[in-house]
1. Determine ³J(HN,Hα), in whole Hz, for all residues of segment 28-38 in sequence, where each value follows from phi through the Karplus function 6.51 cos²θ - 1.76 cosθ + 1.60 and θ = phi - 60°; x replaces Gly and Pro.
2. Could you give the nm distance between label points at Arg43 and Asp16, where each point is 7 Å from its Cα heading toward the beta carbon?
3. Taking R0 as 22 Å, what FRET efficiency do you get between Thr29 and Lys50 from their Cβ-Cβ distance, rounded to the nearest 0.05?
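Please treat every number below as a calculation from the coordinates, not as lab data. Note that the structure is a prediction, hence the values are computed from the model and not measured. Quick reminder, even Gly has a Cβ in these numbers, built from the backbone with ideal geometry, and neighbours come from all protein chains shown.
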Amino acid sequence: MGSNYAKRYTSEFKRDAIALVDSTGRTVTEVARELRVSPESLRNWYRQAKADRGEGRPGELT
């Protein structure tokens with residue numbers, strides 16, 4: 001059974017993880033596996049960062 005504890009990551013950690021995806025050309029899943037975070041979490045952070053920079057797909061909400 002899983003834990004009810006949700007691990008919190010610092011803004012700096014998230015920023016560095018997103019930068020790894022951008023700079024290495026590796027997939028979100030590969031980077032997430034290396035950093036031992038869930039691919040879904042990293043994917044959400046990545047999407048949010050793109051939206052914050054105005055790079056989201058048309059119709060995407062921030």
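1. So the Karplus estimates, Gly and Pro as x, are 4, 4, 5, 5, 4, 4, 4, 8, 6, 10, 6 Hz.
2. Taking the two extended label points, one gets 2.5 nm.
3. Values: r = 17 Å, r/R0 = 0.77.
E between Thr29 and Lys50, to the nearest 0.05, is 0.85.
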